[in-house]
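Taken together, the values in this text are just the output of simple stated rules run on the coordinates, not laboratory data. Just so it is clear, the structure is predicted and the values come from calculations on it, not from any experiment. Methodologically, a virtual Cβ is constructed for each residue, glycine included, from the backbone with ideal geometry; neighbour enumeration extends over all protein chains shown.
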Amino acid sequence: MLEEWKDVRQRSGEGVRRWWSDTEMDLIVWFDGTTPREFQLCFDKSGDQRALVWGESGRLSLMRVDDGEGRPGTYKASAVLSESGEADIDAVADRFRDNSVRVDPVVRNHVLGVLSDAVARRSD
């Protein structure tokens, strides 16, 4: 079940950032006031981790997450996002719906709306 992290580091000029996490997913949301401006929904954390990224353009992008590990003899690097192929957004939405009962209802409904719109566009 996604739980909100408290005391998330805030960076000047990015807007307020909130973060929910569990063993399967991370949801990071940036706000303009009380309105979600951008989010990253990371999933399959224990496998081939990917992220659905939505922002001001209104476009939902699928990204692969390179967690910065797995480089023998070096320190862990910062995580990096790179373009990825396809994902079953409907299945990700179902998992998010199940795992997000404790997420702020405004945020939860916004993310589910974006995912639902993406599923509808792909089936057109």
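Assorted remarks:
- A full extension of the chain between Val106 and Asp32 corresponds to an added length of 25.3 nm, given 0.36 nm per residue minus the alpha carbon distance.
- Amide H contacts of Arg37 (H built 1.01 Å from N, under 5 Å, at least 5 apart or other chain): Trp30, Phe31, Asp32
- The phi torsions of the stretch 23-31, fed into the Karplus equation with coefficients 6.51, -1.76 and 1.60 and a -60° offset, translate into couplings of 6, 9, 9, 10, 10, 10, 10, 9, 10 Hz, rounded to whole numbers, with Gly and Pro shown as x.
- With Cα atoms defining each centre, the stretch 99-117 and the stretch 1-71 are spaced 13 Å apart in the structure.
- Residues Trp5, Trp54, arranged from fewest to most other Cβ atoms within 10 angstrom of their Cβ, appear as Trp5, Trp54.
- With a simple spin-label model that places each label point 7 Å from the Cα along the Cα-to-Cβ direction, the separation between Val119 and Glu3 comes to 2.8 nm.
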